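K.L.:
First the structure, then my questions, so here it is.
The values are calculated or read from the model by the stated rules, or taken from the named source; none is laboratory data. Predicted model only: the values in this text are computed from it and were never measured. Quick reminder, even Gly has a Cβ in these numbers, built from the backbone with ideal geometry, and neighbours come from all protein chains shown. Protein only, heavy atoms only, side chains kept; ligands, DNA and RNA dropped before computing areas. Shrake-Rupley method; radii C 1.70, N 1.55, O 1.52, S 1.80 Å.
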Amino acid sequence: MSMEASELQDLSDDADYAASQQQGSASMMRCDSEKRSSSSEHEGAELIYLKDNVAIHPTQFASERISGRLKLTKQDSTLYLSWTPYKGQTSNAKLSEKDRSLYTITAVPFTEVRSIRRHTPALGWQYVIVVLSSGLAFPPLYFYNGGVREFLAMVKQHVFLARSSEDANVFLVNDFQSPLQRTLSSLALPSSLPVASGQSSYPSDGGSSSENQGRTSAGADNRVSQYGVRKQKSHDPTRDLSIHLLEKFSLVTKFARETTTQLFSENNGFGSVDKRWNNQPVHNYPEKLSNIAEEKHHESSHSYPEKEPLYDEEPPIDLVDVPADPLEFNKLSLVWGKPRQPPMGHKEFTAFLDSEGRVVESKALRERVFYGGIEHQLRREVWPFLLGYYAFDSTYAEREYLRAVKKMEYATLKQQWQSISPEQAKRFTKYRERKGLIDKDVVRTDRAFEYYEGDDNLNVNIMRDILLTYSFYNFDLGYCQGMSDYLSPIMFVMEDESESFWCFVALMERVGPNFNRDQNGMHTQLFALSKLVELLDGPLHNYFKQNDCLNYFFCFRWILIQFKREFEYEKTMQLWEVLWTHYLSEHLHLYVCVAILKRCRSKIMGEQMDFDTLLKFINELSGHIDLDSTVRDAEALCICAGENGAASIPPGTPPSLPLDDGILYPQDDDVL
Amino acid sequence: MPSRRRTLLKVIILGDSGVGKTSLMNQYVNKKFSNQYKATIGADFLTKEVQFEDRLFTLQIWDTAGQERFQSLGVAFYRGADCCVLVYDVNSMKSFDNLNNWREEFLIQASPSDPENFPFVLIGNKVDVDGGNSRVVSEKKAKAWCASKGNIPYFETSAKEGTNVEEAFQCIAKNALKSGEEEELYLPDTIDVGTSNQQRSTGCEC
Ligand SMILES: Nc1nc2c(ncn2[C@@H]2O[C@H](COP(=O)(O)OP(=O)(O)OP(=O)(O)O)[C@@H](O)[C@H]2O)c(=O)[nH]1
Ligand SMILES: [Mg+2]
């Protein structure tokens with residue numbers, strides 16, 4: 001099979017996968033009456049194209065789709081793309097104005113667009129994915145009334161659009177430009193944003209009257225001057241928050257305060273926990289109460305308790321002034337982050353169960369795990385709950401029955417590939433390729449770890465069987481590198497093939513999108529991360545922006561496999577069970593990213609790291625990150641960010657489950 | 001001596017998952033092979049000092065993930081590359097068939113100023129496997145491909161045994177340097193690549 005053919009094959013799979021994810025779409029979007037003339041009309045811009053009923057699907061939940069208007073405008077011979085959600089779709093309760101404005105695309109110049117990918121599945125709606133030069137991509141834009149072809153034709157009239165030789169559905173924008181030209185054209189734009197004085201240095205965004213001016217494009221700020229005079233009255237919620245946080249020295253935002261109130265009012269809130277554990281040696285968090293604003297270069301000297309060179313090295317003296325952390329991070333975690341507790345033991349767990357084995361208060365259980373993790377022996381009993389394989393309200397008997405049924409189901413699934421004869425395999429390229437990939441990866445997964453050590457290790461074979469079975473169970477997703485990293489600790493904990501498989505299946509329900517062919521799940525998370533950093537550390541965000549690091553690719557590995565490669569085995573399991581509680585947020589892992597980045601902020605900015613250096617630096621942090629203090633920091637950041645943090649993360653961002661599947665996993669955490 | 005010369009040479013290693021990119025890089029830079037390398041996720045690079053005449057260069061070798069799905073990341077990593085190393089496994093036809101793809105993808109994503117003359121080097125890895133008995137891509141076939149792409153230098157290596165790895169990378173460094181030269185008006189006519197001259201394959205034709 002030639003590569004071209006298999007590539008096409010892959011894409012059609014992709015479309016199928018996307019289409020298959022769209023089911024339940026019977027209720028078409030309401031036809032929106034209240035189409036306000038777009039708010040972000042800039043003076044002198046010529047309207048080239050307008051398309052109504054172009055939508056974004058933040059989740060797979062039909063009522064959460066956001067319809068809007070797609071426009072192409074032209075000014076000074078530059079073509080701009082905008083998408084504005086319609087106002088007044090109040091019928092969907094789950095999405096606030098803020099959520100929707102998060103997606104607004106405000107006049108992105110095509111000079112910053114790298115490519116447009118077209119999807120025209122046989123079933124379901126046509127959509128396009130716009131990828132920026134920075135590597136970030138906007139969520140798919142669904143054309144409810146068709147017209148992708150016309151849209152592309154229109155673009156083609158104004159910018160150079162070339163079909164990728166690799167993939168007939170990818171159109172490269174301005175691909176004729178040499179890198180030099182690109183540099184020159186980007187120099188022509190005033191990118192000289194004032195370096196983070198902490199005060200917002202965001203140029204005001206195009207809008208005059210709009211309230212939904214969420215800035216969606218990460219790299220798109222250079223466009224500012226092209227519109228000439230700007231009104232300073234832009235309304236960017238994140239910008240306001242940064243200032244707000246700066247001004248409110250207290251760090252307690254309105255939202256955080258509300259959150260705390262809730263935390264305090266809980267049974268096991270701060271007070272009781274602290275009382276319960278106050279004689280534990282948990283306070284290993286560096287206690288120096290210093291203000292980095294005064295102590296600019298010394299932040300890293302009290303980062304992590306272990307004296308790790310990567311964190312502790314003083315930045316060379318001749319380096320630039322590092323803008324202060326608007327959150328005063330060090331104080332922050334002292335104020336907010338709670339000390340870790342010892343892991344939950346068997347006796348304690350049993351106390352959460354009623355006589356028939358139901359978890360009476362799943363939230364209390366999750367809270368307990370969140371703050372202390374689980375003793376290793378107990379993990380195999382609790383992980384299936386956290387992962388959503390067992391329902392919290394199931395009884396002992398029901399679970400036993402489930403295990404038996406699932407064991408048979410697993411055997412049937414496994415049979416599917418086991419029954420493929422060599423003759424059949426010869427004519428089954430996709431199977432052979434998958435098997436080949438899996439074979440190569442299982443021998444490269446945690447082989448230094450005892451459980452998988454040595455030649456002819458039985459567990460390595462089981463891992464292969466599970467992954468291959470999974471690739472039949474979810475044939476559309478198939479196998480992707482990184483999956484074996486997820487499976488490894490699960491197998492080690494569950495010590496049972498079928499149980500491991502089903503726990504893995506449950507986990508993939510959440511993180512599977514990380515492995516989607518169009519990488520959309522990853523892009524969404526990287527995008528959310530950039531929003532969170534913007535919210536929680538404006539200066540660092542500006543630094544990344546100025547240094548071409550806004551794609552956050554240096555955090556790719558962190559997110560793809562939830563820090564599996566960053567901590568030692570035991571620590572990874574501890575982190576995962578904390579993340580899987582979804583106690584404060586389903587997206588705590590993103591706050592963990594922010595926490596680590598903030599810990600290194602003065603080093604990153606002080607040493608003026610460029611993208612390459614930063615990537616290397618981040619890769620080399622592996623094995624040098626202290627878990628407990630990082631989790632505390634993440635918790636603190638999550639609480640501090642409050643509603644604004646949650647609003648920075650588009651609904652449906654992995655590992656969120658599609659909302660209509662909520663039954664699998666009770667989502668009773670209304671904390672955030 | 002002109003002081004503003006470039007001293008960093010950026011090299012990208014591409015090829016299907018499992019062909020041995022990470023192993024090759026580590027064999028060259030650290031002189032060791034381990035069968036415990038993990039599948040690469042995202043990207044990473046190693047650096048190595050190389051000397052040409054009296055000048056020291058830093059070779060920055062980028063190792064990326066081989067799985068197709070991760071290719072969209074390439075754009076961030078390929079930028080500014082001076083040389084691209086394509087790797088296939090001589091025991092896997094598919095990895096060879098994919099070379100065109102890798103080459104094209106690189107040219108699209110890195111968009112070098114002169115794509116026609118951008119230096120590539122091809123490596124056929126894992127020649128040690130099964131004493132060469134499971135080999136499915138012949139040297140002839142590989143060389144024909146190289147010829148069709150503008151005489152790409154070709155090496156056959158074993159990252160496991162270290163065979164020919166040094167030679168391949170010397171050629172890679174030399175090509176990277178040459179590609180950088182255009183921008184800096186300085187061209188060394190001889191390059192001190194150390195000791196060994198014997199090359200098992202076509203060798204470096206530059
Ligand atoms: N016999 C033999 N095995 C090799 C050689 N080079 C690599 N391998 C093995 O092939 C497998 C893949 O090697 P890697 O270097 O991890 O491959 P890679 O190209 O980096 O793969 P990705 O990171 O997935 O893109 C490993 O199990 C290596 O031990 C070689 O020259 N000979
Ligand atoms: Mg590798």
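K.L.:
Given the condition within 12 Å of ligand 1 (Cβ to nearest atom), crowded, with 18+ Cβ neighbours inside 10 Å and among the polar types (S, T, N, Q), answer yes or no: does some residue in the stretch B:107-119 qualify?
P.N.:
Scanning the stretch B:107-119 turns up no residue that is within 12 Å of ligand 1 (Cβ to nearest atom), crowded, with 18+ Cβ neighbours inside 10 Å and among the polar types (S, T, N, Q).
K.L.:
Examine the stretch A:424-433 for a residue that is more than 14 Å from every other protein chain (Cβ to nearest Cβ) and in a helix (DSSP H, G or I), and state whether such a residue exists.
P.N.:
Scanning the stretch A:424-433 turns up at least one residue that is more than 14 Å from every other protein chain (Cβ to nearest Cβ) and in a helix (DSSP H, G or I).
K.L.:
Further question: For the stretch A:614-626, name all the residues that are over 18 Å from residue A:541 (Cβ atoms) and either of a type in the set (S, T, N, Q) or open to solvent by less than 10 Å² (accessible area, probe 1.4 Å) (or both).
P.N.:
Listed by number, the residues that qualify are A:619, A:621, A:622.
K.L.:
Can I ask one more? Please list, ordered by residue number, the helices (runs of 4 or more DSSP H) wholly in the stretch A:526-589 having 1 or more residues that are in contact with a Lys or Arg (Cβ under 9 Å, 6 or more places away or on another chain), within 14 Å of chain B (Cβ to nearest Cβ) and open to solvent by less than 10 Å² (accessible area, probe 1.4 Å).
P.N.:
A:556-560, A:569-580
K.L.:
To continue, here is another question. Which one of these does residue A:460 not meet: (1) free of Cβ contacts under 8 Å to residues at least 24 places away in the same chain; (2) of a type in the set (Val, Ile, Thr); (3) more than 14 Å from ligand 1 (Cβ to nearest atom)?
P.N.:
Among (1) free of Cβ contacts under 8 Å to residues at least 24 places away in the same chain; (2) of a type in the set (Val, Ile, Thr); (3) more than 14 Å from ligand 1 (Cβ to nearest atom), the lone unmet condition for residue A:460 is (3).
K.L.:
How many of the residues making up the stretch B:17-32 are touching a residue at least 60 places away in the same chain (Cβ under 8 Å), in a loop (DSSP other than H, G, I, E, B) and near ligand 1 (Cβ under 7 Å from one of its atoms)?
P.N.:
Qualifying residue count for the region: 3.
K.L.:
If you don't mind, another one. Evaluate the following for residue B:96: is it crowded, with 20+ Cβ neighbours inside 10 Å, at pLDDT 95 or above and away from ligand 1 (no atom under 12 Å from the Cβ)?
P.N.:
Taking the combined requirement at face value, the residue satisfies it.
K.L.:
Just checking, does the stretch B:7-30 include any residue being away from ligand 2 (no atom under 16 Å from the Cβ), within 22 Å of residue A:612 (Cβ to Cβ), open to solvent by less than 10 Å² (accessible area, probe 1.4 Å) and modelled with pLDDT under 95?
P.N.:
Yes; the residues of the stretch B:7-30 include at least one that is away from ligand 2 (no atom under 16 Å from the Cβ), within 22 Å of residue A:612 (Cβ to Cβ), open to solvent by less than 10 Å² (accessible area, probe 1.4 Å) and modelled with pLDDT under 95.
K.L.:
Can you find, within the stretch B:33-55, the residue that is least open to solvent (accessible area, probe 1.4 Å) among those that are of a type in the set (Val, Ile, Thr) and away from ligand 1 (no atom under 12 Å from the Cβ)?
P.N.:
Here the residue is B:50.
K.L.:
Answer yes or no: is there a residue in the stretch A:383-390 that is open to solvent by 40 Å² or more (accessible area, probe 1.4 Å) and under 24 Å from residue A:579 (Cβ atoms).
P.N.:
Looking for residues that are open to solvent by 40 Å² or more (accessible area, probe 1.4 Å) and under 24 Å from residue A:579 (Cβ atoms), one finds none in the stretch A:383-390, hence no.
K.L.:
Of all residues in the stretch B:113-149, how many are within 14 Å of chain A (Cβ to nearest Cβ) and among the basic types (Lys, Arg)?
P.N.:
So the answer is 1.
K.L.:
Kindly provide the set of residues from the stretch A:474-524 that are within 12 Å of chain B (Cβ to nearest Cβ), hydroxyl-bearing (Ser, Thr, Tyr) and part of a helix (DSSP H, G or I), ordered by number.
P.N.:
Within the stretch A:474-524, A:484, A:486, A:488 qualify.
K.L.:
Could you list all residues from the stretch B:84-137 that are in contact with a helix residue (DSSP H, G or I) (Cβ under 9 Å, 6 or more places away or on another chain) and of a type in the set (S, T, N, Q)?
P.N.:
Answer for the stretch B:84-137, where residues must be in contact with a helix residue (DSSP H, G or I) (Cβ under 9 Å, 6 or more places away or on another chain) and of a type in the set (S, T, N, Q): B:91, B:92, B:98, B:100, B:101, B:109, B:111, B:113, B:117, B:125.
K.L.:
Another one. Right, residue A:496: in the same structural domain as residue A:438 (by TED's automatic domain parsing) and either surrounded by fewer than 21 Cβ atoms within 10 Å (Cβ to Cβ) or at pLDDT below 95 (or both) or not?
P.N.:
So residue A:496 fits the description; yes.
K.L.:
For the stretch A:445-452, state whether one or more residues are among the hydroxyl-bearing types (Ser, Thr, Tyr) and either free of Cβ contacts under 8 Å to residues at least 12 places away in the same chain or outside any helix (DSSP H, G or I) (or both).
P.N.:
Checked against the condition, which is being among the hydroxyl-bearing types (Ser, Thr, Tyr) and either free of Cβ contacts under 8 Å to residues at least 12 places away in the same chain or outside any helix (DSSP H, G or I) (or both), the stretch A:445-452 yields at least one hit.
K.L.:
Given the options A:406, A:414, name the one that is under 30 Å from residue A:365 (Cβ atoms), away from chain B (no Cβ under 13 Å) and either in a helix (DSSP H, G or I) or touching a helix residue (DSSP H, G or I) at 6+ places or on another chain (Cβ under 6 Å) (or both).
P.N.:
Of A:406, A:414, the one residue that is under 30 Å from residue A:365 (Cβ atoms), away from chain B (no Cβ under 13 Å) and either in a helix (DSSP H, G or I) or touching a helix residue (DSSP H, G or I) at 6+ places or on another chain (Cβ under 6 Å) (or both) is A:406.
K.L.:
Right, next: Mind checking which residues of the stretch A:590-603 are under 15 Å from residue A:536 (Cβ atoms) and in contact (Cβ under 8 Å) with a residue 40 or more places away in the chain?
P.N.:
A:590, A:591, A:592, A:593, A:594, A:595, A:597, A:598, A:599, A:600, A:601
K.L.:
When you check residue B:58 against the structure, is it open to solvent by 40 Å² or more (accessible area, probe 1.4 Å), away from ligand 2 (no atom under 16 Å from the Cβ) and either touching a Lys or Arg at 6+ places or on another chain (Cβ under 8 Å) or without any contact (Cβ under 8 Å) to a residue 40 or more places away in the chain (or both), yes or no?
P.N.:
Here the answer is no, as residue B:58 does not meet what is asked.
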